[in-house]
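The values are calculated or read from the model by the stated rules, or taken from the named source; none is laboratory data. Bear in mind that the values here come from a model prediction, so they are computed numbers and not experimental data. When we count neighbours, we look across all protein chains shown, and the Cβ atoms used for this are built from the backbone with ideal geometry, even at glycine. Side chains are part of the model used for accessible areas, which takes the heavy atoms of the whole protein and leaves out ligands, DNA and RNA. Shrake-Rupley method; radii C 1.70, N 1.55, O 1.52, S 1.80 Å.
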Amino acid sequence: MRKINLVLLGAPGSGKGTQAKILSEYYGIENISLGDILRQEASHNTALGKSVKKYMNEGVLVPDEIIKEVIASKIDKTGFILDGFPRNINQATILQKILEESGSSLDKVIYLEVNQDTAVRRLSGRRVCKNCGALYHVVTMAPKQTNICDRCASELVVREDDKETTVRKRWEVFMNETHSLIDYYRKQDKLLDIDGNQDKDEVFERIKETFNTHKYNNKVV
Ligand code: AP5
């Protein structure tokens, strides 16, 4: 049976990265995080990394032509969760074409709805492992030892784009460029609305419940 193809949609700080990791482990499907891929390229100073760093640090979207190349090389089989792609209607069309060419399609889009205050609180306390990318929050998901990753004992750092002014910019970009995807996918009957303001386990439970209601479990496993 074909595995499910999902997109996680939501504002900065809505918990996309957190839920993508949980879902990927639970359902055994691949997690493709555009933000993580681009940050890794930037940290290794590759040609791609150099070309995207400026956009990311400013909190604006990387141009679609660059993103198109990256994503096309990552989607090579069914059974995935896309975190951070698509971010506008043009990227949604790109995704549809890539999937059609491989005889596949997008099954559902999980929209994590979160209010701005919650998102800002989360981003201002976020810490990320420099080595393995594990996510923490100084209050709600604190590591056992301050600034040390529980998994690999590497240093935890603050993301460059989590500065207050950049967070504000990223929120604005979400509202102006990405928000329209909510209606776009709702009209296609693909959107699953999830309250992202709850704690991470609650949010995961809601997603699972929604899958059960829609009887998607068969497709996931
Ligand atoms: P990206 O890395 O995708 O950033 P984002 O979309 O702004 O989302 P975030 O990673 O900030 O938040 P999240 O929703 O994943 O929340 P998280 O789970 O980490 O993209 C970065 C940049 O790359 C973009 O600005 C752009 O420049 C570029 N880019 C990426 N994709 C692109 C594309 N398709 N096109 C063009 N450019 C692109 O959680 C945040 C914090 O909250 C963590 O500390 C976490 O521990 C905590 N937390 C999470 N869930 C909960 C919860 N339920 N309760 C309490 N705390 C929680």
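Being within 23 Å of residue 64 (Cα to Cα) and either in contact with a strand residue (DSSP E or B) (Cβ under 8 Å, 6 or more places away or on another chain) or assigned to a loop (DSSP other than H, G, I, E, B) (or both): is that true of residue 181 here? When the stated conditions are applied, residue 181 passes them. Every residue in region 185-197 that is buried (at least 16 other Cβ atoms within 10 Å of the Cβ) and either part of a helix (DSSP H, G or I) or without any contact (Cβ under 8 Å) to a residue 12 or more places away in the chain (or both), please. Listed by number, the list holds a single entry, 185. Scanning region 33-71 for residues that are free of Cβ contacts under 8 Å to residues at least 12 places away in the same chain and near the ligand (Cβ under 9 Å from one of its atoms) yields a total of 2.
Is it fair to say residue 102 is open to solvent by 50 Å² or more (accessible area, probe 1.4 Å), more than 17 Å from the chain's Cα centre (by Cα), within 12 Å of the ligand (Cβ to nearest atom) and of a type in the set (Gly, Ala, Ser)? No; evaluated as a whole, the condition is false for this residue. Within region 17-32, residues that are in contact (Cβ under 8 Å) with a residue 40 or more places away in the chain reach partners that are more than 8 Å from the ligand (Cβ to nearest atom) and open to solvent by 30 Å² or more (accessible area, probe 1.4 Å) with beta carbons closer than 6 Å, at six or more positions or on different chains, in the pairs 20/31; 24/31; 29/3; 32/74. In region 6-24, the residue that is nearest to residue 196 (Cα to Cα) out of those that are among the hydroxyl-bearing types (Ser, Thr, Tyr) and part of a helix (DSSP H, G or I) is 18. In region 126-145, the count of residues that are on the phi > 0 side of the Ramachandran plot and either modelled with pLDDT under 95 or not acidic (Asp, Glu) (or both) is one or more. For region 139-146, state whether one or more residues are surrounded by 15 or more Cβ atoms within 10 Å (Cβ to Cβ), of a type outside the set (Val, Ile, Thr), in contact with a Leu (Cβ under 6 Å, 6 or more places away or on another chain) and under 29 Å from residue 57 (Cα atoms). Scanning region 139-146, I find no residue that is surrounded by 15 or more Cβ atoms within 10 Å (Cβ to Cβ), of a type outside the set (Val, Ile, Thr), in contact with a Leu (Cβ under 6 Å, 6 or more places away or on another chain) and under 29 Å from residue 57 (Cα atoms), so the answer is no.
Residues that are at pLDDT 95 or above and either within 7 Å of the ligand (Cβ to nearest atom) or part of a helix (DSSP H, G or I) (or both) within region 72-89 comprise 83, 85, 86, 87, 89, listed in sequence order.
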